[in-house]
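Structure first, commentary second.
The values are calculated or read from the model by the stated rules, or taken from the named source; none is laboratory data. None of the values given here were measured: they were computed from a predicted structure. Here Cβ is always computed from backbone atoms with ideal geometry, including for glycine, and neighbour counts include all displayed protein chains.
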Amino acid sequence: MATADPAQAADPVQPDGRRGIVLMLVGLLLFSILNGVVKAQTELFPVVQIMFFRNFFAMVPLGIVILFFARRRSLMTRLPQWHLFHAVIVSAGIALIFAGYQRLPLADATAINFASPLIITALSAPLLGERVGWAKWAAVAVGFAGVMFMVQPSGDVVREGAIYSLAGTVLTAGGTLVARHLSKHDSTMTIVFLFMALSSAMVVPLLPAVWVTPTPWQLAGLIAMGLASGGAQYMTTRALYHAPAATIAPMNYSKMIWALLIGFFAFGDWPGPVVLAGSALVLASTWVVYRSEGRSEGRSKPPSA
């Protein structure tokens, strides 16, 4: 006998596919900005230390929301093993992706990382039972082609760094599917807060071996990065409550668009025609998914009385 979904019962907001797409796009914009900050900090601090500040201080804004606005039992879960699994594979995936960036040209590593939407779309049907229509498959393919135009990867990618990068991409894609599964049972706040807490706890034993003492201004920057990442993580996880993983997956390509805009306004870098053509393909794929989600929701709504 089917049981009521506890996440839906505790959340009065009905899932809205288009809202999920918008949340994911805004969250990815914030993450793109944060990635630029992280890139600068890797020149000063080890990755483990950056990961700790990013995740630990992300719990501060989330904790404030829980304390003043959420229900007292909002962090309760009946799936602790799934939350631990989610934290382990996503944390490991991020570490492997960073290792890939250290060993590969940026274009090659980026191209491999953008295989994630293909993996998510391919696995969301057999693992989550979600319907993946031809429009979403086409959007993923077009978006991936656009990324290939922009990053122009070389043919020599079968190296140690490529293995790290691909392994990290597979793990983070799996983490997205696990988060989608959890979103059907737990609130967004539960998923995000427990991920941040568990991921922080996992890197704490490694800190004494790599710790670099920051200056007061550097410490403020590390803390600010963590606070901002809490909001970004909430948005991208909330998006999975509103929309299926296969719908959300192509939105990851928009990170290339944000990177182009940030590069232009922050550093004055103007992309060439090949990059602009690839950006157009990425935008087209995002729009196809947005429109197809709106049509599918319109068909699923009952006629008005």
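Has the stretch 284-299 got at least one residue that is among the hydrophobic types (A, V, I, L, M, F, W, C), in contact with a Gly (Cβ under 7 Å, 6 or more places away or on another chain), modelled with pLDDT of 65 or more and buried (at least 24 other Cβ atoms within 10 Å of the Cβ)? Within the stretch 284-299, none of the residues are among the hydrophobic types (A, V, I, L, M, F, W, C), in contact with a Gly (Cβ under 7 Å, 6 or more places away or on another chain), modelled with pLDDT of 65 or more and buried (at least 24 other Cβ atoms within 10 Å of the Cβ).
Within the stretch 188-234, the residues that satisfy the criterion of being within 23 Å of ARG78 (Cα to Cα) and surrounded by fewer than 21 Cβ atoms within 10 Å (Cβ to Cβ) are ALA197, LEU198, ALA201, MET202.
Can we say VAL157 is modelled with pLDDT under 75 and in a helix (DSSP H, G or I)? Taking the combined requirement at face value, the residue does not satisfy it. Within the span defined as the stretch 175-182, every residue fails to be under 18 Å from PRO61 (Cα atoms), surrounded by 13 or more Cβ atoms within 10 Å (Cβ to Cβ) and at pLDDT below 90. Taking residues in the stretch 36-47 that are farther than 13 Å from TYR101 by Cβ, and partners anywhere that are part of a helix (DSSP H, G or I) and at pLDDT 75 or above, the pairs with Cβ atoms closer than 6 Å and at least 6 places apart or on different chains are VAL37/MET225; GLN41/ILE50; PRO46/VAL210.
When VAL60, VAL48, VAL22 are checked against the criterion of being over 20 Å from SER91 (Cα atoms) and modelled with pLDDT of 85 or more, VAL22 stands alone in meeting it. The number of residues in the stretch 98-117 being at pLDDT 70 or above and in a helix (DSSP H, G or I) comes to 9. With a requirement of 2 or more residues that are within 25 Å of GLN41 (Cβ to Cβ), small (Gly, Ala, Ser) and touching a residue at least 40 places away in the same chain (Cβ under 8 Å), the helices (runs of 4 or more DSSP H) lying completely within the stretch 176-272 that satisfy it span 188-203, 216-242, 254-267.
Based on what the data block shows, is ALA239 at pLDDT 70 or above, more than 14 Å from the chain's Cα centre (by Cα) and not hydroxyl-bearing (Ser, Thr, Tyr)?
Details: at pLDDT 70 or above: yes; more than 14 Å from the chain's Cα centre (by Cα): no; not hydroxyl-bearing (Ser, Thr, Tyr): yes.
The answer is no for ALA239.
Any residue in the stretch 65-82 that is buried (at least 16 other Cβ atoms within 10 Å of the Cβ), touching a Pro at 6+ places or on another chain (Cβ under 6 Å), modelled with pLDDT under 75 and under 28 Å from ILE21 (Cβ atoms)? No, there is no match, as no residue in the stretch 65-82 is buried (at least 16 other Cβ atoms within 10 Å of the Cβ), touching a Pro at 6+ places or on another chain (Cβ under 6 Å), modelled with pLDDT under 75 and under 28 Å from ILE21 (Cβ atoms).
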